[in-house]
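A.B. asks: I am attaching a structure below and will ask some questions about it afterwards.
The values are calculated or read from the model by the stated rules, or taken from the named source; none is laboratory data. The structure displayed is predicted, hence computed values, not measured ones. Here the Cβ is made from the backbone with ideal geometry for all residues, glycine too, and neighbour counts use every protein chain on show.
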Amino acid sequence: MEKIYDLGIIGGGPAGYSAAIRAAQKGFSVVLFEKDSMGGVCLNRGCIPTKTILHCSDFYKNLKKADKFGIEISDKKLNYEKIFNRKNDVVLKIQKSLTKLVQSFGVEIVCEEAKLIAQDKIEANENIYQCKNIILATGSKPANIKGLETDGQFVLNSNDILNLKEIPENILIVGSGAIGVEWARIFNALDKNVTVVELAERLLPLADVDVSKRLDRLFKKNKIKFFTGTKVESINDKTVLLSNCPRKIRDKEQSDVNEFLECHLEKVSSGGSKVRGDNCDTRLDGQEFTFDMVLCAIGREPVLPQIEGISIDLNGKFVKVDDNFRTNIPNIFAIGDLVGKMLLAHSAVHQAVSVIDYITEQKQCRFDTNRVPSVIYGNPEIAWVGKTEEMLAGLEYKVSNFPVAALGKAMADDEIDGFVKVLSVDNKIVGAHIVSPEASALVQQFALMIDNELKTDDILKTVFAHPTYSEAVFESVLGLDNMSLSLPKGM
Ligand SMILES: Cc1cc2nc3c(=O)[nH]c(=O)nc-3n(C[C@H](O)[C@H](O)[C@H](O)COP(=O)(O)OP(=O)(O)OC[C@H]3O[C@@H](n4cnc5c(N)ncnc54)[C@H](O)[C@@H]3O)c2cc1C
C-alpha cells in the first residue's frame, strides 16, 4: 500500500526544516522537499554567508586599532579570496550537519523540485507523495526592480555579491535596510569607498528615529557617504539616473515637480561610473563620484512552487494565510518568507514551531510582528524590538536613553558609541532600541520582557552581572524613573 505521510513540506529553509524537526518530534511522519541546498536563503545566500564575511571585515577593522590595545602588528594584508573561501567552508559545514540533524529525527529528505498537484499530493521527479497535511515554505528571492535590473556585472543583487572573489573599490548601495547597511559596513571595514542611496528621509527607515540618527553619525564617522530622499530613476547601459527631490517638495509645501532635482551617474570608459550632480541639492552638492558596482539591496518577492489542480489564494504576491498560517485550503499551510510577515529567519522558525503546534495540538498560533526582534550586524550592532517612539505618539509613555559610554565594560573594550533606549507604557516595556556591542543579545532580554508583559518593578528584581553590556539594560529600565545609578543627576 502506498505510504501516507502525516506531513509534506516543500522547502528546506529555516521555515521548512524547523517545521520538519518539530513535527517529527511530535510523532509525525514527515517528507521534506528541497530543490537546491538545505538551509535555504538563510544558510546559503543570507544570514550565514553575510555574517561570516562581516566577521572577517570586523576582525580586519579591529586589527587597525591593535596598537591602541598594546599589540603591534607590522604587516596586515587583506586577502578577500580567503574570506570568500572561508565563507563557503562555513556554509558547507553547516549544510552537511543540518541535513544530518534533520534526518536524525527520521525526516525523509527528497532533494528534488516539488510540485503541488492536489490538496494532498506532492509530485517530485515523477513520484507522487500522499500527505495528510502540507506546508509550503518555499521562501523568497531578490525582486527584479524596474529600472534596477541586475546583470550580475555592474548591477548586483544580494545573491550575486556573494559570488565575488574580489571586490571593487567604489560601490553604490541602493537601500539602507538591513542588507544595505550590513554590506555598507563590510565594504567600509575592508577600506572600500561606499555610497548609500536611500529613498526614505532617513537611514534604516523602519528603525526608531534615534537609531537612524546614530547610524547617520556612525556612517559619517566611518566616511560612508549617503544620500537620503534619493531615488534611482533608471540605469540605462552606462547611465544611472538619480532623482533627488528637495525636502520642501517631499513635505508637500510646494508641488512644482519641475523642482525635482536630477543627477546623472555615467559609467566612464575606465570601467567606473560617474555621478554628475550639477543639478542636485546640497546632499549631492554637485560633486562627482565614480563607481565600479551597484548593489541593489532592496525588494524581495515570494517563490511559489508550481501548483496544479488547486488554487491557493494570494495576498498581493505573497501567500494569504489566516492567524494559524492556514491557506484557503484547510490542510495546506504556508510559513516563512513566502507569507511576507517579516522576512527574517527567526520569524520563519517561530512560525514553523507555531504551525506544527497548531496542526498537532490545535494550539492557536501567536505571531505578532511587533514582538519580533530586528538586528543589523556590524560594529556596533543595532537591534530593536517592539514599538518606536513614533508609534507611541499620542499615548502616555516614558522613555529612557542610556549611553553605553557610562559602562565600565564599554570603556574597557573602547566601544563607547551607543545607547540603549527603552519605552514603557503603564510600567511595562513596549519597545527597546539599541546601538551597542552585543545588541543582538541584549535585544533578546527586552523581547522576553515585552512578550511576558513584565512590570518594570519585576524586571529590576533581576541581578545583572558586572561588567557587562547587560548593565545597560538594567540602567535603561532604572532610567524610566530617573533612577540610573551610573549617570549624573538630571541626565
Ligand atoms: C543577504 C541576506 C541576509 C539576511 N540576513 C538575515 C539575518 O541576519 N537574520 C535573519 O533573521 N534573516 C536574515 N535574512 C532573511 C532570511 O534569510 C530569510 O528570512 C529566511 O531564509 C526565510 O526562510 P524560509 O524558510 O521562509 O525561506 P528560504 O530560506 O528562502 O528557503 C526556502 C527553500 O525552499 C526551496 N524551494 C523553493 N521552491 C521549491 C520547490 N518547488 N521544491 C523544493 N524546494 C523548493 C528553496 O530552494 C529554499 O531552499 C537575510 C536575507 C538575505 C537575502
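A.B. asks: Quick one: which helices (runs of 4 or more DSSP H) sit completely within segment 1-110 and have at least 2 residues that are at negative phi, in contact with a strand residue (DSSP E or B) (Cβ under 9 Å, 6 or more places away or on another chain) and of a type in the set (A, V, I, L, M, F, W, C)? Before you say what the answer is, go through the steps one by one.
C.D. replies: Working: elements: 14-25, 40-44, 47-63, 80-104.
The qualifying helices (runs of 4 or more DSSP H) are 14-25.
A.B. asks: Would you be able to say whether some residue in segment 166-188 is at pLDDT 95 or above, away from the ligand (no atom under 16 Å from the Cβ) and either more than 18 Å from the chain's Cα centre (by Cα) or assigned to a loop (DSSP other than H, G, I, E, B) (or both)?
C.D. replies: Yes, because at least one residue in segment 166-188 is at pLDDT 95 or above, away from the ligand (no atom under 16 Å from the Cβ) and either more than 18 Å from the chain's Cα centre (by Cα) or assigned to a loop (DSSP other than H, G, I, E, B) (or both).
A.B. asks: Further, regarding this structure: Being surrounded by 20 or more Cβ atoms within 10 Å (Cβ to Cβ) and assigned to a helix (DSSP H, G or I) is the filter here, so list the residues in segment 384-414 that pass it.
C.D. replies: Val404, Ala410
A.B. asks: Which residues, taken from segment 325-357, are more than 17 Å from Ala178 (Cα to Cα), surrounded by fewer than 21 Cβ atoms within 10 Å (Cβ to Cβ) and in contact with a strand residue (DSSP E or B) (Cβ under 8 Å, 6 or more places away or on another chain)?
C.D. replies: Within segment 325-357, Arg326, Asn331 qualify.
A.B. asks: Only helices (runs of 4 or more DSSP H) wholly contained in segment 419-491 count here; list those with 1 or more residues that are assigned by TED's automatic domain parsing to the domain that holds Asp208 and within 22 Å of Asn379 (Cα to Cα).
C.D. replies: Output list is empty.
A.B. asks: Take the conditions acidic (Asp, Glu), outside the structural domain of His433 (by TED's automatic domain parsing) and farther than 29 Å from Gln306 by Cα and apply them to Glu166. Does it pass?
C.D. replies: Details: acidic (Asp, Glu): yes; outside the structural domain of His433 (by TED's automatic domain parsing): yes; farther than 29 Å from Gln306 by Cα: yes.
So Glu166 fits the description; yes.
A.B. asks: Residue by residue through segment 359-383, note down the ones that are assigned to a loop (DSSP other than H, G, I, E, B) and closer than 30 Å to Ile329 by Cβ.
C.D. replies: Within segment 359-383, Gln362, Lys363, Gln364, Cys365, Arg366, Phe367, Asp368, Val372 qualify.
A.B. asks: Six or more apart or on different chains, Cβ atoms under 8 Å: show the pairs whose first residue is in segment 51-77 and hydrophobic (A, V, I, L, M, F, W, C) and whose second is in a loop (DSSP other than H, G, I, E, B) and away from the ligand (no atom under 16 Å from the Cβ).
C.D. replies: Leu63/Ile73; Leu63/Lys76; Ala66/Glu72; Ala66/Ile73; Phe69/Asp414
A.B. asks: Give Gly39, Gly11 a once-over and let me know the one that is within 11 Å of the ligand (Cβ to nearest atom) and over 16 Å from Lys96 (Cα atoms).
C.D. replies: Gly11
A.B. asks: Can Ala334 be described as modelled with pLDDT of 95 or more, within 11 Å of the ligand (Cβ to nearest atom), more than 18 Å from the chain's Cα centre (by Cα) and not acidic (Asp, Glu)?
C.D. replies: Values: modelled with pLDDT of 95 or more: yes; within 11 Å of the ligand (Cβ to nearest atom): yes; more than 18 Å from the chain's Cα centre (by Cα): yes; not acidic (Asp, Glu): yes.
For Ala334, the condition - modelled with pLDDT of 95 or more, within 11 Å of the ligand (Cβ to nearest atom), more than 18 Å from the chain's Cα centre (by Cα) and not acidic (Asp, Glu) - is met.
A quick yes/no check of all residues on (1) charged (D, E, K, R); (2) out of contact with any Gly (no Cβ under 7 Å at 6 or more places or on another chain); (3) closer than 30 Å to Val30 by Cα:
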{"site": "His55", "(1), (2), (3)": "no, yes, no"}
{"site": "Glu81", "(1), (2), (3)": "yes, yes, no"}
{"site": "Val107", "(1), (2), (3)": "no, yes, yes"}
{"site": "Tyr129", "(1), (2), (3)": "no, no, yes"}
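A.B. asks: Would a scan of segment 9-17 turn up a residue that is of a type in the set (A, V, I, L, M, F, W, C), out of contact with any Cys (no Cβ under 6 Å at 6 or more places or on another chain) and at pLDDT below 95?
C.D. replies: Of the residues in segment 9-17, the ones of a type in the set (A, V, I, L, M, F, W, C) are 9-10, 15.
If we keep only those that are out of contact with any Cys (no Cβ under 6 Å at 6 or more places or on another chain) as well, we get 9-10, 15.
Now narrow it down to the ones that are at pLDDT below 95: none.
No, because not a single residue in segment 9-17 is of a type in the set (A, V, I, L, M, F, W, C), out of contact with any Cys (no Cβ under 6 Å at 6 or more places or on another chain) and at pLDDT below 95.
A.B. asks: Looking only at segment 323-339, count every residue that is part of a helix (DSSP H, G or I) and not β-branched (Val, Ile, Thr) and tell me the total. Can you show your working first?
C.D. replies: First pass over segment 323-339, keeping only residues part of a helix (DSSP H, G or I): 336-339.
Subset that is not β-branched (Val, Ile, Thr): 336-338.
Adding up the residues that qualify gives 3.
A.B. asks: Something else now. Please give the number of the condition Arg217 fails out of (1) crowded, with 23+ Cβ neighbours inside 10 Å; (2) away from the ligand (no atom under 16 Å from the Cβ).
C.D. replies: (1)
A.B. asks: How many of the residues in segment 127-151 are away from the ligand (no atom under 16 Å from the Cβ) and part of a loop (DSSP other than H, G, I, E, B)?
C.D. replies: Going through segment 127-151 one residue at a time, the tally reaches 4.
A.B. asks: Look at segment 299-322 and say how many of its residues are in a strand (DSSP E or B) and under 23 Å from Arg22 (Cα atoms).
C.D. replies: First, pick out the residues of segment 299-322 that are in a strand (DSSP E or B): 300-302, 306-307, 314-315, 318-319.
Now restrict to residues that are under 23 Å from Arg22 (Cα atoms): 319.
Adding up the residues that qualify gives 1.
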